[in-house]
1. For the stretch 107-205, list the helices (runs of 4 or more DSSP H) that sit wholly inside it and hold at least 2 residues that are within 23 Å of the chain's Cα centre (by Cα) and within 13 Å of the ligand (Cβ to nearest atom); which are they?
2. Tell me yes or no: at least one residue of the stretch 51-61 is touching a helix residue (DSSP H, G or I) at 6+ places or on another chain (Cβ under 7 Å) and buried (at least 17 other Cβ atoms within 10 Å of the Cβ).
3. Looking at the stretch 250-258, can you tell me whether even one residue there is among the small types (G, A, S), more than 12 Å from the ligand (Cβ to nearest atom) and either at positive phi or buried (at least 21 other Cβ atoms within 10 Å of the Cβ) (or both)?
4. Restricting to the stretch 92-125, what's the tally of residues that are in contact with a Gly (Cβ under 7 Å, 6 or more places away or on another chain) and surrounded by 18 or more Cβ atoms within 10 Å (Cβ to Cβ)?
5. Only residues that are farther than 30 Å from T34 by Cβ and either touching a Phe, Trp or Tyr at 6+ places or on another chain (Cβ under 6 Å) or not hydrophobic (A, V, I, L, M, F, W, C) (or both): list them for the stretch 199-228, please.
6. Please tell me if Y38 is in a loop (DSSP other than H, G, I, E, B), surrounded by 15 or more Cβ atoms within 10 Å (Cβ to Cβ) and of a type outside the set (S, T, N, Q).
7. State yes or no: is Y11 within 22 Å of A306 (Cα to Cα), without any contact (Cβ under 8 Å) to a residue 40 or more places away in the chain and either within 16 Å of the ligand (Cβ to nearest atom) or among the aromatic types (F, W, Y) (or both)?
8. Can you name the residue in the stretch 271-326 that is among the polar types (S, T, N, Q) and in contact (Cβ under 8 Å) with a residue 24 or more places away in the chain and is also nearest to the ligand (Cβ to nearest atom) among such residues?
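The values are calculated or read from the model by the stated rules, or taken from the named source; none is laboratory data. Computed from a predicted model, the values in this text were never measured in an experiment. Here the Cβ positions follow ideal geometry from the backbone for every residue, glycine too, while neighbour counts run over all protein chains shown. Calculation scope for accessible area: heavy atoms of the full protein, side chains included, ligands and nucleic acids excluded. Shrake-Rupley method; radii C 1.70, N 1.55, O 1.52, S 1.80 Å.
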Amino acid sequence: MVRKLIFGSRYFGKGRADGGPGEEEIEHADSLSTILVYVYAFCVTDYILCLRWITDFDGHEKSIRQAIFTARKHQDSLIDERIKQWKDGVRTKQDDLLDVFININNPRLNANEIKAQILDLILAAYVNVSNNIEWAMAEMMNNPKIFDKAVHELDSVVGKHRLVHESDLHHLNYIKACVKEALRLHPVAPFNLPHVTTADSTVAGYLIPKGSHVMVSRIGLSRNPEVWDDPLTFNPDHMKGDKEVVLTDHNLHTFSFSTGLRGCPGVLLGSTMTTMLLARLVQGFMWELPPNEPRVDLRENLHDLAKAKPLVALAKPRLPQHIYPTLHNA
Ligand code: HEM
């Protein structure tokens with residue numbers, strides 16, 4: 001989705017004949033995953049400066065440089081080609097975000113700035129949505145009552161004769177509660193991205209000197225038993241207090257999109273993408289686990305909070321056939 005939004009195409013390089021991602025796309029996606037692992041990784045030499053004389057003590061620098069090189073190899077050539085198309089007058093209509101970046105006038109961005117912005121956006125938008133939906137589906141499949149309630153909401157708000165649209169999302173409070181509950185219980189990483197304080201400040205009576213690395217514990221907030229009843233249980237009713245559920249939480253009871261100046265600038269897009277994706281998966285298909293798996297294994301990875309085992313489930317259409325354009329054409 002992010003690729004389509006930015007570059008106007010679904011995959012880098014050629015997709016597979018069956019419609020799946022080709023080699024270039026897989027290489028690009030793998031490099032993004034590697035970058036994200038290192039963005040959140042603990043690096044000893046950030047804190048024990050006397051070890052810095054040993055070049056790349058942890059090996060992080062080499063890995064992240066290689067991953068950025070690979071990601072940019074695929075992105076930058078497309079960006080250069082597009083800038084040329086605009087210069088040569090071959091392209092005249094703005095169709096995607098890359099066109100918008102190229103045509104921003106105040107301030108005008110040079111090629112390097114556009115490339116850096118695009119990498120940042122792709123990274124920011126890439127993992128949050130997929131992590132959230134994988135966990136939401138996994139938890140819901142282990143809780144048939146919750147799943148049925150979500151299906152029921154979709155059937156009464158949207159019906160079975162068309163797919164859910166963006167304009168319906170406003171009325172899908174239970175689906176949004178499922179998304180937000182997954183954001184609460186399964187944040188994408190244990191901490192937020194590291195920030196550095198630009199001035200001395202005092203928070204809750206503690207002095208945080210200028211220049212400190214500040215990392216907020218997302219699970220410290222969102223699994224806090226003083227704030228949440230039964231915090232380790234997935235229960236969309238945790239969000240019952242919200243008259244209309246929104247995925248942001250400026251009180252930081254869940255970290256979701258963070259808050260303030262460095263909070264997520266993609267709140268609207270991120271909320272729409274996640275809610276829409278979950279709504280379509282729940283509305284469009286009946287889901288079953290593989291025969292030898294009675295329940296989804298909900299264990300987390302040891303090094304981050306992602307699912308240790310990717311979710312595998314079998315989807316069967318539950319709406320009339322003509323509603324699925326690709327299935328129908330096939
Ligand atoms: C469910 C989806 C999303 C969630 C939960 C989410 C969450 C967050 C959070 C918590 C941060 C702040 C991290 C920190 O500095 O502590 C952030 C930053 C950011 N997000 Fe999102 N995000 C989502 C989707 C998106 C999308 C779709 C975009 C854009 C296409 C986006 C663009 C960004 C950018 C550019 C930043 C960095 C802001 C800065 O410079 O500090 N995000 N996001």
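1. 111-142, 173-185
2. Within the stretch 51-61, one or more residues are touching a helix residue (DSSP H, G or I) at 6+ places or on another chain (Cβ under 7 Å) and buried (at least 17 other Cβ atoms within 10 Å of the Cβ).
3. no
4. Selection size over the stretch 92-125: 1.
5. D200, S201, T202, G205, Y206, P209, K210, N224, P225, E226
6. So Y38 does not fit the description; no.
7. So Y11 fails the test.
8. The residue in question is T274.
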